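Chemist: There's a structure below that I have some questions on.
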Amino acid sequence: MHTLVVPLLPEISRLMGLSQDAASWLLTVTMLAGAVCAPMGGRLGDMVGKRKVLAFALAVMAAGSLLGAVAWSFGSLLAARMLQGAAFGVLPLGISILKDELPPDRVMAGTATMSSTLGVGAAVGMPLAGVIGQLLNWHAVFWTATAASLLMLVLVLVFVPESPVRAGGRFDVVGAFGLTAGLVALLLPISQGSQWGWASLPTIALFTGSAVVLAAWSLHQLRVRSPLVDLRTSTRPVVLLTNLATTLVGVGMFASFMLTPLQLQASTATEYGFGVTVLVAGVCMIPMGLGMLIFSHVSARLSARRGAHVTLLTGTLIMFVANVCQALLPGNLVLLMGVLMTVSIGAALCFSAMPTLIMNWVPITETASANSLNALLRTIGTSSCAAIGGTLLAAYTIDVSGTPVASSTGFALTYWIAATTSLGAAALAMAVTVVVRRTGTQLAEVAPLDGDTRVDLVA
């Protein structure tokens with residue numbers, strides 16, 4: 001849902017008479033809405049039931065897709081994309097339901113598989129939307145999204161049981177407004193900074209305002225009885241280090257997802273492009289998504305034998321190697337496919353390990369909100385990568401047949417930054433490993449009693 005309109009932007013801009021800056025809001029508004037919805041949806045899921053909130057998120061997503069399919073103006077399409085942002089809360093809610101409902105010996109494999117679907121969607125969603133838009137039109141992409149959303153909603157209502165785990169308490173309305181303001185002020189300049197200018201007054205003002213609002217919000221969260229985000233739990237060493245690593249992993253992974261389709265479709269005259277069609281580029285990205293799905297099972301086995309901390313460390317190191325190879329800009333398509341598969345393996349290991357680490361170190365009544373915070377930080381990482389890549393591609397250009405296009409320098413620098421962040425994530429994963437080996441594999445085990453009752457058995 002996030003990248004659904006990326007290949008459609010040129011056609012939408014032409015048909016609606018939009019500038020590139022205006023059209024980019026179709027991406028920005030979805031990201032902003034999703035970043036806000038994820039933590040609030042996670043908290044509500046812990047309080048009133050994860051299945052209820054999951055179904056509501058899917059219904060909102062379906063409504064947004066339907067509105068997009070019949071959109072009659074840029075304003076209506078913008079509203080549709082905002083509603084589609086509800087999709088961001090689906091993954092952490094789903095992972096938390098798996099934790100509550102599956103037998104203990106299946107939780108790790110289930111979590112790994114579901115986490116990998118994020119990468120699968122990122123790998124195939126954008127080129128698939130491009131193919132549908134090319135064969136039919138951009139409305140058809142939204143009709144397809146509507147059908148998929150409704151199908152998922154029906155399946156959830158029919159097959160997914162409601163979790164008996166409840167956190168109780170009141171919803172922190174003040175905290176929700178504060179988090180919304182802080183996130184919008186943070187993510188808006190990240191997504192638009194390359195167009196506004198990183199030293200421009202709006203960019204600096206929003207970053208400053210975000211820091212002030214989030215600092216005040218943090219103090220409020222520490223004082224309120226039922227916080228939106230339990231910062232005391234979030235600052236436990238393993239949880240904190242894993243969340244920080246998540247942001248860096250988001251940068252390390254998204255560089256390939258963002259730049260590879262551009263590299264595949266770029267003219268061979270650029271010396272780094274392959275000049276393939278949208279359809280061929282989409283086919284080239286499919287193995288990357290399938291690789292994540294396949295290796296999620298390997299990840300689950302590794303975590304079961306060695307611990308999720310070892311899986312995270314292994315994944316970050318693999319991503320580091322893959323991004324270094326990407327920075328060298330492979331000139332052979334088969335070699336590029338191999339590098340993409342390596343990226344997918346590293347991402348699969350990381351994404352399957354992080355929810356497991358988080359859930360092992362938070363109370364069972366906070367799994368949805370904790371996973372939602374982790375998903376939010378992943379969004380910040382991918383958004384930052386998009387901002388960095390967009391800035392570098394715009395800064396370094398060459399002339400091809402009288403048209404300025406991105407040079408190989410912008411691509412290489414983005415991949416080197418992704419490699420650096422992957423190495424930073426590996427350092428954090430090493431710190432997680434040290435903490436886990438000193439204190440044990442997890443802080444709390446949660447055992448079910450009768451009915452809706454749960455008890456934390458603190459190690």
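Chemist: Please compute the modelled spin-label separation between Val334 and Thr235, points set 7 Å along Cα→Cβ, answer in nm with one decimal.
Modeler: 5.5 nm
Chemist: 7 Å from Cα along Cα→Cβ at both Arg14 and Thr277: what's the point-to-point distance in nm?
Modeler: 1.6 nm
Chemist: Roughly speaking, what is the stretch gain from Val70 to Ser408, that is 0.36 nm per residue apart minus the C-alpha to C-alpha distance, in nm to one decimal? Can you show the working numbers first?
Modeler: Values: separation 338, 0.36 × 338 = 121.68 nm, distance 3.98 nm.
Contour length minus Cα-Cα distance gives 117.7 nm.
Chemist: Something else: For labels at Thr268 and Ser200 in the simple 7 Å Cα→Cβ model, what's the distance in nm?
Modeler: Distance between label points: 3.9 nm.
Chemist: Calculate the dipole size of the chain relative to its Cα centre from +1 charges on Lys and Arg beta carbons and -1 charges on Asp and Glu beta carbons; express the result in debye to the nearest 20.
Modeler: Working: 21 positive and 16 negative charges, 143 e Å.
Using only the charged Cβ atoms, the result is roughly 680 debye.
Chemist: Compute the long axis of helix 308-327 from its Cα atoms, compare it with the longest principal axis of the Cα atoms of the chain, and write down the angle in degrees, 0 to 90, nearest 10.
Modeler: Approximately 10 degrees, to the nearest 10.
Chemist: With the dipole of the chain worked out from charges on the C-beta (+1 for Lys and Arg, -1 for Asp and Glu) around the Cα centre, which of Val324, Val107, Ala406 lies farthest toward the positive end?
Modeler: Val107
Chemist: Right, another one. Towards the positive end of the charge dipole of the chain, with charges on Cβ (+1 Lys, Arg; -1 Asp, Glu), say which of Gln265, Ala368, Gly130 has the farthest Cα.
Modeler: Ranked along the dipole, the leading option is Ala368.
Chemist: Roughly what angle does helix 173-196 make with the longest principal axis of the chain, taking Cα atoms, 0 to 90 degrees, to the nearest 10?
Modeler: 20 degrees
Chemist: Quick one: angle between helix 333-360 and the longest Cα principal axis of the chain, in degrees between 0 and 90, rounded to 10, please.
Modeler: Orientation of helix 333-360: about 20 degrees from the principal axis.
Chemist: Would you kindly derive the ³J(HN,Hα) couplings of region 100-117 from the backbone phi angles with the Karplus curve 6.51 cos²θ - 1.76 cosθ + 1.60 (θ = phi - 60°), listing them in order in whole Hz, with x for Gly and Pro?
Modeler: Running phi through 6.51 cos²θ - 1.76 cosθ + 1.60 with θ = phi - 60° gives 7, 9, 7, x, x, 6, 10, 5, 5, 5, x, 5, 5, 5, 5, 4, 5, 5 Hz.
Chemist: Express in nm, to one decimal, how much length is gained between Thr208 and His297 on full extension, taking 0.36 nm for each residue of separation and deducting their alpha carbon distance.
Modeler: Details: separation 89, 0.36 × 89 = 32.04 nm, distance 4.29 nm.
Here the answer is 27.8 nm.
Chemist: Can you give the FRET efficiency for Ser226 and Leu135, using 1/(1 + (r/R0)^6), R0 = 56 Å, r = Cβ-Cβ distance, to the nearest 0.05? Provide the component values of the computation, followed by the final result.
Modeler: On the way: r = 50 Å, r/R0 = 0.90.
Between Ser226 and Leu135 the formula returns 0.65.
Chemist: Please list 190-197, 152-159, 346-353 highest first by mean number of surrounding beta-carbon atoms within 10 Å per residue.
Modeler: Details: 190-197: 18.8, 152-159: 13.1, 346-353: 30.9.
Order by mean packing, descending: 346-353, 190-197, 152-159.
Chemist: Show that you can apply the helix-only estimate: for the chain, add -39,500 (n - 2.57) for every DSSP H stretch of four or more residues, divide by all residues, and state [θ] at 222 nm to the nearest 500.
Modeler: -26500 deg cm²/dmol
FYI, it's all coordinate maths here, none of it is from the lab. Because the structure is predicted, anything quoted here is derived from the model rather than measured. Please note: Cβ atoms are built from the backbone with ideal geometry, for glycine as well, and neighbour counts cover all protein chains shown.
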